[in-house]
Amino acid sequence: MADTQTAASGSGRSRPERRFVGLGVSPGVARGNAFVRGEVFVEPDSYRVEGIDTDREIDRFHEALSATRKQIEGLQSEVAEAAGGRDASIFDAHLLVLEDRGVLDEVESIVRDERLNIEAAFYRTMGRYVERLRGIKDPYLRERVIDIEDVMRRVLRNLARAGEGAAEHSARHPHIVIAHALTPSDTVGMDRDLVLGFGTEVGSYTSHTAIIARSLGLPAVVGLHGFASAVHTGEELLLDGYNGVAIVDPSPETLAEYADLEKEKEEVELRLEGLREEESRTADGRPITLSANIEFEHEAAITKKSGARGIGLYRTEFFYLHGDAWPSEEQQARNYTRVAKGVHPDGVIIRTLDLGGDKLPQDAEDAGENPFLGYRGIRVSLGRPEVFKTQLRAILIASGKAKVRAMFPMVSTRAELRRAKELLAECAEELLREGVAHDPDLEVGVMIEVPSAAIVADQLAGEVDFFSIGTNDLIQYTMAVDRVNEKVSDLYQPLDPAVVRLIEMTVNAGHEAGIWVGVCGEMASDLYFTPLLVGLGLDEMSVSVRRVPAVKHAVRSLSYAECRAMALGLGGAGSPEEILARCRELALARYPELIS
Ligand code: PEP
Ligand code: MG
């Protein structure tokens, strides 16, 4: 729960700092000005204009529109220079709003027919659009409200000729984004050069928004209740992603404390960097492949530097979510090849599209009332074979040039897995006929993230080359807890005996069939859980790329025999607390420096 505290600075400052407590979901400390997304508008004055003045109002409108267009294009080229064309294309939607003939005509006729001033006419028209969009079920379209509001704010500001206000300044300079909520596509579009971190009022550790923040290396705090209305654009902020705290107007004492904390964290990181070349094996010699989860192509280089053995999960849907159109076979093949070559001689496990759940866009009517239980992952891919086959062909083409494996998400039955493999075989045959090189023995794995898949893991094991357990979803589906709904987050327990048993069943089924079993959910990045995962016999752990050194250190400090004995002794453990206590005991005994 969020909680507000104020503290007098003791240094004669007029404004005491204000602290808000939430949940840190991406580590790091950010300092900068707040940029509050969706801050409410001030409704413009409304008055009547007469005769020739209506023409003047419309002229003012066109001037404001062209000034807005220039500003957005300026922003677009700044972003293109700093981050590349794809990122800059997020502004295309903003520009389109300015060219929407329907909107422009409506505004002009209000001015002419009702003799209303332009600000009021524009505000009313846009307000209606926003209301209509808010009522639409499709979350992707609903999200366009943010773009429209952004454009609306700019046009009104230009009409008022307010020049560069606090919001404009913050948006163009490094800032900390504050919002009620952010979607994964909001986060994907964030520019690492401008966005220093983000704080939201709602959210959870395993939401894809948080996962992307970790990928981008942006400190993030969620669950800051009431924060978006308590802080204003332009205010000075300190965001502590380690401890889940946001501080408005931090005092000089607080800033000094944080400078010390950052130094301390940097020292730990520096020490861990020395492990890069070390092998990931337990103190008594059991090798555990440590690989990285990535969401963006540029992370291949970071993976290489982190000391990971390749990429254990490439979430390709973010590549899809980034642009407006589906990427072509060639674009995908090039992207996958570059990623794989980036981690040579290790490889990349390319997970096929996992759209749905909190990862949109997708077909509005297909999302259903319960998107996590609906049209998601392999279900979407099998429902749209033309899109799926394009991706499978691209993966196969990349496999002819570098080391790649394929993996299917959200599989709940053997029939789905078989159908996906059939389509893959069809693609391989096509490529053979076309004379396109590819790996004829492409390794194929399946994610075990739905309880039904874990329960029939013995049936699935004979069909694939490996299992990768997706604990983020396995926990939500086992416990019937929406992974992004903080109201039920107490029930989201990675160490619930039900979850632990399903992981154990999966590992055993995989090993009996002679295949390797990994875990790529966020659970593998949590150092409290490492003793359990090692003890359950996992062969691979794929973790958030920035966690690789710490997890490697934990693995190297543990003894497999000790972890195994602990895991086997859990048979009767009746609660997550009991299991956590045993894990914590081992973690504290073997790597206290990482835990405190
Ligand atoms: C998982 O469910 O654990 C997983 C790795 O996939 P995602 O987080 O993308 O759903
Ligand atoms: Mg998943």
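The values are calculated or read from the model by the stated rules, or taken from the named source; none is laboratory data. Keep in mind the model is a prediction, meaning the values are calculated, not measured. Cβ sites come from the backbone with ideal geometry, for glycine too, and all protein chains shown count toward neighbours. Ligands, DNA and RNA are stripped out before the accessible areas are found, and what is left, the full protein with its side chains, is counted by its heavy atoms. Shrake-Rupley method; radii C 1.70, N 1.55, O 1.52, S 1.80 Å.
Brief remarks on what is shown
- Bridging of residue 403 to lysines at a Cα separation below 22 Å is possible for 304, 305, 341, 389, 421, once same-chain residues fewer than 8 apart are set aside.
- Taking the DSSP bridge list for the chain and keeping only pairs wholly inside it, about 35 percent are antiparallel.
- Sequence of 320, 47 from largest to smallest accessible area, 1.4 Å probe: 47, 320
- About its Cα centre, region 193-311 has a charge dipole of approximately 700 debye under the convention of +1 per Lys or Arg Cβ and -1 per Asp or Glu Cβ, with nothing else charged.
- 0 to 90° range, to nearest 10: angle between helix 252-273 axis and the chain longest Cα axis: 40 degrees
- Nearest 10 degrees, 0 to 90: helix 497-512 Cα axis against the chain principal axis: 50 degrees
- Taking the Cα centre of region 482-548 as reference, the dipole from Cβ charges on Lys and Arg (+1) and Asp and Glu (-1) amounts to some 140 debye.
- Normalised convex hull volume, region 274-595, alpha-carbon set, Å³ per residue: 127 Å³
- Ordering of 554-564, 525-535 by burial proxy (mean other Cβ atoms within 10 Å per residue, highest first): 525-535, 554-564
- The Rg/Rh ratio for the chain is 1.00, where Rg is the radius of gyration of the alpha carbons and Rh is the Kirkwood radius.
- Rounded tilt (10° steps) of 385-399 against the dominant C-alpha axis of the chain: 60 degrees
- Reciprocal mean inverse distance between Cα atoms of region 458-545 - Kirkwood radius, Å: 13.3 Å
- Amide H within-cut-off set for residue 181, under 5 Å, with H built and near neighbours excluded: 201
- Residue-averaged 222 nm ellipticity for the chain, from DSSP H runs of 4+ at -39500 (n - 2.57), nearest 500: -15000 deg cm²/dmol
- Cα→Cβ-extended label distance, 7 Å offset, between residue 330 and residue 105, nm: 3.9 nm
- A probe of 1.4 angstrom, applied to the heavy atoms of all protein chains, finds residue 590 with accessible area near 90 square angstrom.
- Relative packing of peptides 422-432, 565-575, 294-304, 396-406 - highest average C-beta neighbours within 10 Å first: 396-406, 294-304, 422-432, 565-575
- Taken about its Cα centre, region 274-595 carries a charge dipole of roughly 820 debye when the Cβ of each Lys and Arg holds +1 and the Cβ of each Asp and Glu holds -1.
- Remark: the chain carries 42 Å² of accessible area per residue (probe radius 1.4 Å; ligands, DNA and RNA excluded).
- Carbon + sulfur, % of accessible area of region 398-527 - ligands and nucleic acids excluded, 1.4 Å: 49 percent
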